[in-house]
Amino acid sequence: MRTPLGEMGVKVGADGRLQAVVWAAGAADRGVAGHEAAGRWEGALADYFAGRPVALDPAGLDLVGTPFQRRVWAALVDIPWGETCTYGDLAARLGSSARAVGGAVGANPAPILVPCHRVMGANGAMTGFSAPGGLATKAWLLAHERGG
């Protein structure tokens, strides 16, 4: 699908749960070929880009990662549209270190729908973003959510 950030798509498992949001070259990888849930997840991306907050249930995710990474990714889903928190905030909430949380956030396979762009460095400083476009993409996503 075309988005303001380029071609994107989703990867879903056999059970229809979201495994990844993919950019450009991987955008055609819909996981299980033609799975009807791919359209639902692409619809969620379309809603996001149309300015409509996406409510995501972590039970609908099938993200491949360690148990700790999956805990962090589930916590990302709870950060409200247009708001941010710091790695330290998440670390305190999860009983971990900011560095460990940062590693898990950076490994998020489903950016945008699992909103890792809403996590900032100490004092609200904008820090890395592992999706294509890096910090420029992160800044665009945050401005989009804030109506800019």
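The values are calculated or read from the model by the stated rules, or taken from the named source; none is laboratory data. All values derive from a computational prediction rather than experimental measurement. Positions of Cβ are generated from backbone atoms using ideal geometry, with glycine treated the same way; all protein chains shown enter the neighbour counts. Just so you know, the surface numbers come from the protein's heavy atoms only, side chains and all, with ligands and any DNA or RNA stripped out. Shrake-Rupley method; radii C 1.70, N 1.55, O 1.52, S 1.80 Å.
Of the helices (runs of 4 or more DSSP H) lying entirely inside region 59-108, the ones with 1 or more residues being over 24 Å from Arg17 (Cα atoms) and not aromatic (Phe, Trp, Tyr) are found at 87-94, 98-106. On inspection, Glu145 qualifies as open to solvent by less than 50 Å² (accessible area, probe 1.4 Å) and of a type in the set (D, E, K, R).
Residue pairs whose Cβ atoms lie under 7 Å apart, separated by 6 or more positions or on different chains, with the first residue in region 81-94 and within 26 Å of Arg52 (Cβ to Cβ) and the second outside any helix (DSSP H, G or I) and open to solvent by 60 Å² or more (accessible area, probe 1.4 Å), are Trp81/Pro53; Gly82/Arg146. Selection of region 122-140 for residues being assigned to a helix (DSSP H, G or I) and buried (at least 18 other Cβ atoms within 10 Å of the Cβ) yields Thr137, Lys138. If you go through region 80-87 one residue at a time, do you hit one that is under 23 Å from Met8 (Cα atoms) and either touching a Phe, Trp or Tyr at 6+ places or on another chain (Cβ under 6 Å) or of a type in the set (Gly, Ala, Ser) (or both)? Yes. Can you tell me how many residues in region 8-38 are modelled with pLDDT of 80 or more and more than 16 Å from Ala110 (Cβ to Cβ)? Number satisfying all stated conditions: 1.
What are the residues in region 54-91 that are closer than 18 Å to Ala139 by Cα and out of contact with any Asp or Glu (no Cβ under 6 Å at 6 or more places or on another chain), if any?
Of region 54-91, the ones closer than 18 Å to Ala139 by Cα are 76, 79-87.
Result: Leu76, Ile79, Pro80, Glu83, Thr84, Cys85, Thr86, Tyr87.
Would you check if there is a residue in region 111-121 being surrounded by fewer than 15 Cβ atoms within 10 Å (Cβ to Cβ) and out of contact with any helix residue (DSSP H, G or I) (no Cβ under 9 Å at 6 or more places or on another chain)? No: zero hits. Screening Glu145 against (1) acidic (Asp, Glu); (2) free of Cβ contacts under 8 Å to residues at least 12 places away in the same chain; (3) under 23 Å from Ala50 (Cβ atoms) leaves a single unmet condition, (2).
Restricting attention to region 33-58, the residues being over 14 Å from Glu145 (Cα atoms), without any contact (Cβ under 8 Å) to a residue 60 or more places away in the chain and not in a loop (DSSP other than H, G, I, E, B) number 8.
Checking each residue in region 86-110 for being more than 15 Å from Gly65 (Cβ to Cβ) and open to solvent by 20 Å² or more (accessible area, probe 1.4 Å) picks out Thr86, Tyr87, Gly88, Asp89, Ala92, Arg93, Gly95, Ser97, Ala98, Arg99.
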